[in-house]
Every structure is written in structure tokens, then in C-alpha cells.
Amino acid sequence: MPRYGMAIDTTKCIGCHSCRVACQNQNGLDYKETFNWIKNRERGVYPSFDKEYIPLQCNHCENAPCQRVCPTGATFTSKEGVVLVNPNTCVGCKYCMEACPYKMRVVDHQLGIVEKCRFCIELVRAGGTPACVSTCPTQVRIFGDLNDPNSEISKFIAQTGALPLRPDLGTSPKIFYKRS
Amino acid sequence: MKKPGMSRRKFLIGSAVGGASVVASSYMNFEAWAASEKPVEDVKVTPTLCDGCGNWCAINVYTKGGRIWKAEGIPIAGINHGRVCAKGHALLHEVYNKDRVKSPLKRVGPNKFEPISWEQAYKEIGERLQTIREKYGPESFFLVQYPEGNAGLTNRFINALGSQNSFSHASTCFLPRNIGWWITTGNAKPEQDIEHTRFGLFIGRNLGAGLQLRQLSDMSKAKDRGAKFVVVDPRFSEIAAFAHQWIRIRPGADLALMLALANVIITENLYQKDFVEKYTEGFDEWAEKVKEYTPEWAEQRTDVQKDVIRKLAHDLAEAAPRAFVHRGYHGAMGTQYKNSFQLVRTIGCVNGLLGTFNQRGGMFFAPKVQLGKLDPQKHPAPTVPEGPMVDGSGDPERYPLTPVGLGLTHAIPELAIQGKLKAGFVYHNNPLRTCPNPARVIEGYRKLDLLVSFDYVLSETATLSHYILPESYYLERDDVVHTHLSYQSKQVSIRQAVVKPLYDTKPMVVILNELSQHLGIGEYFNWTLEEYNQAALAPLGVTLDRLKKEGVIDLGGKWEPGEPHFSTASGKLEFVSSILKDNNMPAMPDWEEVLVHPDPKDPHSFRLVHGKQAHLTHTRSINQKYLKEISQLNDMTKVWIHPARAIALGIKDGECMTISNAVGKGRARAMVTEGIHKDCVFLPSGYGVFSRNLRTAFGYGISYNDFLPTYFEPMLGHCMSNEIIVRVEKTVT
């Protein structure tokens with residue numbers, strides 16, 4: 001069984017937000033609701049000035065705090081390791097929003113539930129890639145099976161030493177960042 | 001936020017994205033979720049061309065239950081390689097925008113419109129045009145457009161009316177870039193083989209915001225292969241974040257840097273001697289000329305250290321011929337500075353010194369597809385009126401190098417005030433917002449006896465028009481066959497309707513067919529779009545049915561590196577241009593000062609520069625909620641200012657600044673950043689919509705055009721849009 005994850009190379013991100021709108025369309029989100037963000041951070045003084053664009057979304061933690069606190073079990077981890085929300089059992093209590101250390105959960109005002117990035121699981125199961133990956137003009141994102149040492153993502157992580165955000169929190173995220 | 005009826009989200013989930021069968025294998029309650037929803041609705045895929053900007057990327061548009069859902073890129077398309085940008089995704093929603101024009105409109109008062117029938121609109125336009133023709137002649141007619149795709153049809157229309165006054169946005173966008181490359185290499189838009197390059201230099205070109213998706217995708221591949229990219233720009237642009245080095249140059253001094261690069265490459269004997277000997281004209285003369293432009297000389301003008309310039313020249317020369325200096329677009333070598341034309345010439349010549357033409361990883365000329373034409377016996381083409389345009393384009397005495405058919409769009413208001421232009425047609429253009437000094441533009445366009453807009457919303461220009469003939473949105477219409485996707489091989493493509501028109505709108509070709517019958521030029525439009533497209537495809541051995549099914553067809557004819565062929569007068573790359581000599585213009589690329597300078601003694605004095613943001617294009621995209629939300633969320637209307645200058649003015653990050661000059665005044669919040677040169681402030685473009693009929697965009701942000709005086713550069717007549725000096729101060733409340 002695959003264990004899906006994503007690698008993000010921030011040195012290639014230009015902050016164009018193609019991923020954001022591709023995701024919104026794929027998931028039918030309203031314009032104010034999004035599953036991914038791009039933050040930017042400036043550092044240094046010219047000539048060593050730099051600006052980094054950092055795409056952010058649900059990290060699909062192995063040890064997902066949002067899932068642990070969910071009172072109805074609506075947040076669950078699929079067999080592929082993708083953290084999903086069942087809209088029929090989610091009651092919109094927002095415990096998950098408080099629990100998520102990355103603050104990546106979003107209220108879906110249309111359904112009254114709390115949603116998040118779903119790794120476009122239906123596209124992936126049909127053999128495709130998540131919408132944010134296939135639309136990215138500079139190929140910032142690599143999606144694939146972390147269990148397969150020969151997958152592009154596994155090789156990328158091995159070669160570049162890409163790390164998840166705040167590994168110290170013990171959440172074991174499945175999104176890995178190459179940041180320099 | 002709960003919407004009445006079925007929400008878009010529910011609607012999409014209801015149709016179980018991608019089909020219930022693929023999700024049914026999940027565990028826990030996931031099956032129940034998928035199973036409990038409504039049956040899968042019809043998902044249909046239609047290949048077509050995006051209309052988010054001028055690139056017209058090839059996309060597959062998905063509909064679900066007849067409603068537009070999403071888009072994916074078509075992988076073989078040479079312009080986007082299967083990628084789609086934020087605009088491409090978001091502008092799908094525009095088809096359902098409430099601001100759309102729902103039927104032909106007649107203006108009956110200031111911002112007051114009355115729906116009328118197509119027949120009435122055609123009839124009244126015909127009558128008014130006839131009156132104007134009798135009084136002022138057809139040379140008082142003009143067309144302003146974004147000259148792509150259907151330009152063949154619209155030019156045919158204005159020519160049939162007896163006028164050659166077909167304007168484009170060129171004089172506010174790319175004019176010197178195209179003319180400069182054409183003079184130097186005989187090709188207005190050479191391509192660069194970014195994917196296989198070793199070194200790429202970008203002078204003011206920001207691919208990260210003035211998006212070109214294939215070039216970005218190639219840059220990503222090249223970066224993986226170890227290629228190096230350097231960006232020269234007064235501000236830290238989006239592509240600078242991608243590149244390896246950013247060189248912060250004084251705005252308008254790019255020419256000095258390029259001349260110094262040429263100086264180093266020549267004096268240190270780093271140029272490709274074989275190439276220069278075989279394929280160039282006038283090297284010795286130019287080599288003599290650039291002797292004076294040393295890195296030391298350039299350092300003073302560019303604010304870039306001489307060692308950095310030397311190193312850049314060495315890096316370029318070392319990678320040559322698998323290197324390029326990017327051909328550019330609007331930034332630096334578009335219509336920005338008085339010296340932009342010289343800059344383009346110099347960049348062409350430096351590429352010549354490096355011998356990059358027709359080399360793997362260098363510059364090349366993309367293969368061109370020749371489309372067929374309608375049978376002239378059955379469908380006569382109108383004669384193109386001879387002579388220069390009314391603005392002096394093509395006139396040997398005025399702007400001999402500015403082509404008829406591009407023209408100087410920002411000259412129209414003045415010509416209207418002088419009474420030389422009386423009736424206008426506007427297509428895919430919004431001169432009221434995209435031309436300098438809107439007050440004057442409005443005054444000019446108000447003077448017209450007849451203004452007709454073919455638009456899908458009431459843009460600033462449409463709001464001032466006497467008649468609005470609504471073109472169907474790009475997802476609702478069929479267009480002519482296109483060849484613009486061709487990159488390293490020949491490709492044809494087509495735009496076709498994905499959904500039926502929601503309102504009483506028509507494709508442009510139908511509007512022109514019908515309108516021409518009422519204007520006495522029906523004989524030139526006695527064919528259908530089908531016939532036009534079939535004639536276009538005839539020489540290619542491709543049927544229209546197949547093209548409609550596949551969207552994009554690759555015709556082969558792949559570019560291969562080898563000997564370069566220049567279609568200049570001499571058949572060589574021209575350091576010294578015979579055309580420029582004949583027209584009494586500087587024959588060799590040479591230093592030229594910019595037009596205006598900020599006052600170094602005045603802490604309030606800045607040059608105002610502008611540039612795009614990746615999620616916006618021109619003026620209509622900000623009326624799209626998904627795109628505006630990106631701007632709002634990330635606070636992207638801020639004006640960039642250097643920390644040292646901000647401190648001197650007492651301005652802190654996020655505080656409001658008042659920007660003013662003789663032309664206009666506006667307010668914007670400050671983004672205090674090291675990522676900009678001290679001499680300038682940066683204002684992102686795409687904002688400042690003042691049409692009240694664009695309800696999402698209205699009043700959000702300001703535009704550089706509000707501060708730009710009306711200039712005509714002496715050689716080509718372009719608008720010199722970065723020659724703006726403004727006074728910046730902290731807003732006192």
C-alpha cells in the first residue's frame with residue numbers, strides 16, 4: 001500500500017498562486033476558502049537579499065493532532081496515509097482547527113464543516129496527481145509514494161535532505177521542504 | 001455565508017468529484033459518504049484555448065452537469081506544456097459573473113444603458129457610420145484591439161470600411177522590443193531554448209509574473225540540470241526569487257550595463273569569433289564604439305559594481321553559445337524608457353557576440369505555420385488602404401519604423417480632440433485604463449461621434465461607448481484557427497465553445513458577419529467561421545473535425561540547431577543597421593540617457609516603476625473574485641519603497657503614502673523592502689479599475705497610468721511608461 005507524501009522545493013516557487021486556484025476549482029471551494037497558502041519571507045541585505053515563497057497546506061501528519069481531538073471521528077487517515085474529513089459526520093466543532101499546530105484547517109461555510117487539503121485523493125486513486133502538483137508552472141511540488149524508495153519523491157528527499165516543517169512537534173508530517 | 005439553493009460546493013461534491021467508483025475502496029465511513037451522494041453527473045472535457053492573458057494556453061475544460069468546473073493544461077501545447085496559471089483557473093468562473101453584459105446595449109446617458117436588439121444596434125451603427133463617412137471620410141474610422149487570434153477578422157473589417165487605422169496595445173507594451181529585434185535579427189520575437197541552456201540573463205524580464213508557462217517549466221528543468229540564471233531588475237522580482245543571482249540596477253540604466261558587457265566581451269576577446277565573422281555585419285565599427293563603455297563607466301550609471309559586471313560578462317562568455325540574454329517583453333526593453341530601443345538593440349548584439357543564435361540552449365527562430373486563405377474568387381478580400389496611419393505610424397517623416405496595424409494607441413485621444421478620428425471600434429482592449437493620463441484619454445474618447453465596444457463586461461471604455469455589442473465569453477464561442485502555440489515544432493490549435501452562451505451574446509465572427517451587412521461591406525464577410533477555418537487548415541492536411549477533437553495538433557517541422565539564418569537586409573545579424581542608417585537614426589546601439597531623473601537632493605522624489613503580478617493581467621482580472629482574494633489576502637497592492645528612503649520620509653511598513661505629480665494623485669500603503677533600488681518606488685499593475693460596472697474591482701488599488709504624462713518617444717512613438725517622477729510623502733490624516 002502506498003504512503004503518499006509531497007516534497008516542496010521553495011527555491012523554485014515564484015508565488016504565482018496557480019496551485020491555490022487549481023485546488024479551489026478541483027474541490028469546488030468558494031473564493032474565500034482555500035486549502036493552500038503561499039507565505040513569503042524576506043531576509044538579508046543586498047547583495048545577499050533573498051525572498052522565499054513558501055507554499056503551505058495540510059501536512060497529512062502520521063500523528064495527526066486534528067484527528068486525535070475529533071469528537072465524531074470525522075477526521076480519519078485513509079489507508080494511503082492521507083488525512084481526510086467525512087463531511088457527513090463532521091459537526092463543525094472546530095476542535096481540529098485549534099489542535100492543528102500548522103493552522104491548516106479551514107471552515108467550509110457552504111457545508112458547515114471543517115475541511116482541509118485532501119491530496120486530491122480521487123484524482124490520485126484514478127492514477128493522476130493532485131491539482132496543485134500538475135498545474136505548478138515551475139514544478140515546485142513532487143507528489144508520490146514515500147514507501148517506495150525508487151519514487152521520485154523518495155529520491156528527492158534522500159538527495160536534498162528535505163525536511164518537514166517543525167519536525168520537533170512530533171507530528172511526523174508527510175510534506176517535506178527543500179528550502180535552500 | 002449560506003447561499004440559497006444548491007451551493008457550488010455541494011453541487012460538486014454531489015457529483016462525487018472524479019466519479020464514485022474510484023473513492024469506493026476507502027475505509028471507515030468514506031464509502032458511505034461517496035455512496036450516499038447523488039449519482040455522478042456528466043463530466044465532459046472540451047479542449048480549447050484559455051483567454052486569461054495574451055498567451056492563450058491550450059487547456060482541457062471540464063464541465064459537470066453542463067456547468068464549467070475546472071481546467072487542465074494540454075501537455076503537448078508548446079506554450080504551456082500542460083500547466084495552467086491562477087488566471088487560467090480563476091477566469092473560468094467569469095462566465096457566471098453577474099457583471100456581464102447580457103445583451104446589446106445603447107448608452108442613453110452617463111453610465112445609463114438600454115438593452116436593444118442586435119438588429120437595432122446594427123442599424124443605428126450603420127446609419128451613424130454613414131453620416132460620419134459622408135462628413136469626414138473613412139480615414140476618420142479606427143479600431144483598437146489586442147491583436148491576436150481574431151485580428152485577421154477585425155483588420156479585414158476596418159480595412160473593408162476603408163481605413164488603415166488599426167491600433168493595438170503595442171505602444172503601451174512591447175513596441176521597441178519587437179522593432180529592435182526585427183532590426184537586429186530580422187525576427188521580432190526570437191525564442192530561447194531555455195531547457196538546454198547553461199546560463200540565462202534576464203534584463204528586467206520577470207517571467208515569474210508576466211507569466212509564460214512553458215518558459216517557466218523549462219527554467220525549472222534547466223535549473224535541475226545545473227543551469228544558472230541571473231536577473232537584472234531594480235526590484236527583487238518573482239523570477240529573481242527563482243534565479244541564482246539578483247543584480248539591483250538603477251532603473252533605466254540597463255543599457256549602460258549591456259554596453260559594458262559588450263565592452264568586456266570584446267576587449268577581453270571573449271566573443272565567438274567564428275560566428276561574428278560569418279554571421280554579423282558591422283562588428284569592427286561597433287567594437288570601436290563600445291570601447292568607451294567600460295565597466296567603470298557603467299558602474300556610475302547603473303549602481304552595479306564593476307567587478308559584478310565583469311563577472312557577469314565572463315559567466316556569459318564561458319557558457320556561450322549555450323547561453324542567452326532573454327529577448328524580454330515589457331520590462332526594461334518594452335515601452336518603458338526613452339532608451340529602451342537602444343537596449344533591445346544592444347541585447348540582440350550581445351547575443352550576437354556570444355554566437356547564441358540557432359544553438360542548443362541559445363536563441364532561435366521558432367518554426368512558423370503558414371495557414372491557408374479563403375478563395376479570393378468567391379470571397380474577395382478588401383484592399384488595404386495605402387499610406388501611413390493617422391498617428392504617423394509608417395510615415396517616413398514621423399514614425400517610419402512603427403508598423404501600420406500596431407500604431408500608437410495612446411495617440412488616439414489627441415487625434416480625437418483634433419477631430420482627425422471620429423468613429424472607433426474597441427475589441428479586447430480597454431484604452432481608458434491602459435493608456436497614460438486617463439483624464440485626457442476620457443476627454444478624447446468623449447469627443448468621438450461613435451464608439452462601439454465588443455466587450456463582455458462594462459469596462460471603463462465600454463462604459464463610455466455609444467453601443468456595446470457583447471461578444472460571447474471565450475468559453476462560449478468558437479474562434480479562428482491559431483498557430484501561436486508553435487515553439488520548437490509547428491502546432492495548430494483552436495478555441496471552441498465549452499458551454500452554450502448564457503446570455504444574448506455572439507462570437508465575434510458572427511457579429512462582424514452581421515454588422516458588415518448593415519455597413520455596406522457584406523461582400524467581404526460572405527462566409528462562415530467553418531469555411532474560414534477549413535480554408536486556413538487546407539494546406540496543413542488537418543481536418544477541422546480532428547482539430548476540434550484534439551484541440552492542439554503537432555505538425556512536426558521540429559527546430560534543429562545549426563546555421564543561423566537572419567532575414568535582415570544583409571542576411572546577417574546587424575550591429576550596424578542599414579534600415580536605421582537610411583532613416584537617419586543611430587545605426588549602432590549606443591548610450592542614450594533616460595528622459596527624466598528623480599531629484600537626488602529631494603527625499604520625496606522617486607521614479608515610479610511598475611510591473612505585473614502573476615495572478616493578474618491587464619485590467620479585467622482583478623474583477624475576478626478568486627484573483628482579487630489573492631491580492632487582498634497577501635496585501636499585494638502595496639507600493640514598494642527602500643528602507644533608507646522610507647526612514648527619511650518617516651514611513652513605516654504598512655503605512656499610507658500619498659503619491660503625486662502633475663498628472664495625478666493617489667494613495668497606497670507602503671511595503672518597505674530591501675528588494676528595491678533606492679531611486680524608485682514600485683507600483684504593481686492591474687489595479688485601479690474605475691468603472692463602477694466592474695463591481696468586484698472598482699476602487700481597489702491605483703494604476704501607474706494615473707501618473708504617466710503622455711509622451712511619444714521620438715523614434716517609435718511609444719509611451720515611455722517608466723519615465724515618471726513622483727513625489728512620495730506620508731499621508732497625513
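Structure above, values below:
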read-out	value
Selected residue [among the basic types (Lys, Arg), free of Cβ contacts under 8 Å to residues at least 60 places away in the same chain and more than 18 Å from A:Tyr46 (Cβ to Cβ)] from B:Lys289, B:Lys273	B:Lys273
Selected residue [in contact with a His (Cβ under 6 Å, 6 or more places away or on another chain) and touching a residue at least 12 places away in the same chain (Cβ under 8 Å)] from A:Val83, A:Val107	A:Val83
Qualifying residue in the stretch B:109-129 (condition: among the small types (Gly, Ala, Ser), more than 13 Å from chain A (Cβ to nearest Cβ), under 24 Å from the mean Cα position of the chain (by Cα) and farther than 28 Å from B:Arg433 by Cα)	no
Condition check for A:Phe156: assigned to a helix (DSSP H, G or I), hydrophobic (A, V, I, L, M, F, W, C), over 17 Å from A:His17 (Cα atoms) and more than 8 Å from chain B (Cβ to nearest Cβ)	yes
Contacts under 6 angstrom Cβ, first residue in the stretch B:660-686 being among the aromatic types (Phe, Trp, Tyr), partner surrounded by 21 or more Cβ atoms within 10 Å (Cβ to Cβ) and not in a loop (DSSP other than H, G, I, E, B), 6 or more apart	B:Phe682/B:Arg235; B:Phe682/B:Val609; B:Phe682/B:Trp640; B:Phe682/B:Ile676
Test for B:Leu627: is it part of a loop (DSSP other than H, G, I, E, B), modelled with pLDDT of 95 or more and out of contact with any Cys (no Cβ under 9 Å at 6 or more places or on another chain)	no
Subset tally (residues that are over 21 Å from the mean Cα position of the chain (by Cα) and of a type outside the set (D, E, K, R)) for the stretch B:582-629	19
Within the stretch A:5-124, strands (runs of 3 or more DSSP E) holding 1 or more residues that are on the phi < 0 side of the Ramachandran plot and away from every other protein chain (no Cβ under 13 Å)	A:50-57, A:113-115
Counted residues, the stretch A:157-180 - those being more than 17 Å from the chain's Cα centre (by Cα) and closer than 20 Å to B:Asp224 by Cβ	5
Which numbered condition B:Gly541 misses (of (1) small (Gly, Ala, Ser); (2) at pLDDT below 95; (3) under 22 Å from the mean Cα position of the chain (by Cα))	(3)
The listed residue being modelled with pLDDT under 95 and on the phi < 0 side of the Ramachandran plot, out of B:Leu502, B:Leu469, B:Leu475, B:Leu485	B:Leu485
Odd one out for B:Ser570 among (1) within 30 Å of B:Lys368 (Cβ to Cβ); (2) touching a Gly at 6+ places or on another chain (Cβ under 7 Å)	(2)
Residue ID - surrounded by the fewest Cβ atoms within 10 Å (Cβ to Cβ), chosen from residues in the stretch B:308-365 that are under 27 Å from B:Arg607 (Cβ atoms), touching a Lys or Arg at 6+ places or on another chain (Cβ under 9 Å) and β-branched (Val, Ile, Thr)	B:Thr335
Failed item, numbered, when B:Asn430 is tested on (1) within 30 Å of B:Glu191 (Cβ to Cβ); (2) surrounded by fewer than 17 Cβ atoms within 10 Å (Cβ to Cβ)	(2)
Among the candidates B:Phe202, B:Phe229, B:Phe174, residue that is over 20 Å from the mean Cα position of the chain (by Cα) and either within 9 Å of chain A (Cβ to nearest Cβ) or at negative phi (or both)	B:Phe229
Identity of the residue in the stretch B:54-100, in contact with a Leu (Cβ under 7 Å, 6 or more places away or on another chain) and more than 12 Å from chain A (Cβ to nearest Cβ), that ends up farthest from B:Asn150 (Cα to Cα)	B:Asp99
Residue satisfying all of: in the stretch A:42-86; hydroxyl-bearing (Ser, Thr, Tyr) and crowded, with 19+ Cβ neighbours inside 10 Å; nearest to B:Gly208 (Cα to Cα) among these	A:Tyr53
Candidates B:Gly162, B:Gly66 - the one that is at positive phi, touching a residue at least 24 places away in the same chain (Cβ under 8 Å) and under 31 Å from the mean Cα position of the chain (by Cα)	B:Gly162
Qualifying residue in the stretch B:176-186 (condition: farther than 19 Å from B:Gly334 by Cβ, at pLDDT 95 or above and either small (Gly, Ala, Ser) or not in a loop (DSSP other than H, G, I, E, B) (or both))	yes
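Here is a yes/no grid of residues against (1) assigned to a loop (DSSP other than H, G, I, E, B); (2) more than 30 Å from B:Leu161 (Cβ to Cβ); (3) not aromatic (Phe, Trp, Tyr):
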site	(1), (2), (3)
B:Leu485	yes, yes, yes
B:Gln491	no, yes, yes
B:Leu502	yes, yes, yes
B:Leu512	no, no, yes
B:Glu523	no, no, yes
B:Asp554	no, yes, yes
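The values are calculated or read from the model by the stated rules, or taken from the named source; none is laboratory data. All values derive from a computational prediction rather than experimental measurement. Counting neighbours? That spans all protein chains shown, and the Cβs are built from the backbone with ideal geometry, glycine included.
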